[in-house]
Amino acid sequence: MIREHISVLLLGGVLPACAQWSAPPLLKPEILAELPHDTGAFTQGLLWLDGRLYESTGLYGQSTLRELNPKTGAVIRNHALPEQFFAEGLANLRGELVQLTWKEATAFRYPIKRWDRPSGHFAYSGEGWGLTNLGQALWMSDGSDTLFRRNAAFKITAKVPVKLGGQPLPRLNELEGVSGKIVANVWYCDSIFVIDPREGRVLAVVDGTELVARSRRRSREEVLNGIAYDARKKVFYLTGKDWPVLFRVRIPFAF
């Protein structure tokens, strides 16, 4: 049953058929609350930091960095990016927020206490998709099956291909670092993946079909995307692109 479920969910058949491999555990998230979410927020990244919930939203001419009220989902602060930038993943690094851009090879840096304008930026090559902080390093995705570890200067220090039962897992998108693991969205997939970044192995698959069913999304393009983790309460905030709802959930995994 688990193997058939994952085979159907994974990118509509883009991955090779799941034939000879042992499936990881399939987990069902416990939905604790449903909060309002801005249907004009093309969510690219979520971040929980020091009791605050931050969001990066994309699209040219509509990209923002914003702070949300974690109890109501309301936008507290909002910073609009110049219209030539398409914002992507978001992470914290040494007292700054770092926000990727899709094809502009620019990661904006904002002081956490005041982010009405960037204080600088990192340059990189290729596309930017997801970004998270794990320990002393940043981890980044570019839409492929590979995770990139970057140091404080944003230089690549490791490249880790991700595999699900021995098969490459492409279209890695939004990332969240949790207790030494990386929790990831995959573009156009209704599941979430728990990954061991040391070897790139998928440890568990979180079934997001109930979240999608309850999201009231208007089209398949409004995909599941956005993962933030409150370590103190051990709960996740999950949403999707232009979804009217932000979920607070618990995932039954030993983080």
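The values are calculated or read from the model by the stated rules, or taken from the named source; none is laboratory data. Quick caveat: nothing in here was measured; it's all calculated off a predicted structure. Neighbour counts run over all protein chains shown; Cβ positions are idealised from the backbone, glycine included. Each accessible area value is taken on the protein alone, full model and side chains, heavy atoms only, with ligands, DNA and RNA left out. Shrake-Rupley method; radii C 1.70, N 1.55, O 1.52, S 1.80 Å.
One table, with the values for the structure above:
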quantity	calculated
Heavy atoms of ARG117 accessible to a 1.4 Å probe, total area in Å² rounded to 10	140
Restricting segment 152-255 to GluC sites (Glu not before Pro) in coil, as DSSP defines it, with at most 16 other Cβ within 10 Å	GLU199, GLU221
For the chain, built as a Gaussian network whose Cα springs stay under 10 Å, the top-fluctuating residue of ARG217, ARG198, ARG149	ARG198
Solvent-accessible surface (1.4 angstrom probe) belonging to TYR60, in square angstrom, nearest 10	100
Å³ per residue enclosed by the Cα convex hull of segment 204-254	79
Descending Cα extents along the principal axes, the chain, whole Å	51, 39, 34
Fraction of accessible area attributable to carbon and sulfur, the chain (%, probe 1.4 Å)	51
Area accessible to solvent at PHE255, 1.4 Å probe radius, in Å²	60
Cleavage-rule hits, trypsin sites (Lys or Arg not before Pro), segment 53-88, DSSP coil, Cβ neighbours within 10 Å at most 11	LYS71
Calculated from backbone phi, Karplus (6.51, -1.76, 1.60) coupling profile of segment 230-242 in Hz, x at Gly/Pro	8, 5, 5, 8, 6, 10, 10, 10, 10, 8, x, 5, 6
Table column - 3J(HN,Hα) (Hz), segment 36-53, Karplus curve with 6.51, -1.76, 1.60, x for Gly and Pro	x, 9, 5, 6, x, 9, 7, 4, 10, x, 10, 8, 9, 8, 6, x, 10, 10
Dimensions in Å of segment 107-202 - Rg and Dmax from alpha carbons	13.7, 44
Lys, Arg +1 and Asp, Glu -1 on Cβ, resulting dipole of segment 139-248 about Cα centre, debye, nearest 20	280
Relative contact order, percent, segment 113-255 [alpha-carbon distance under 8 Å, six or more residues apart]	15
Built amide H within the under 5 Å cut-off of GLU88, gap 5+	LEU100, THR101, TRP102
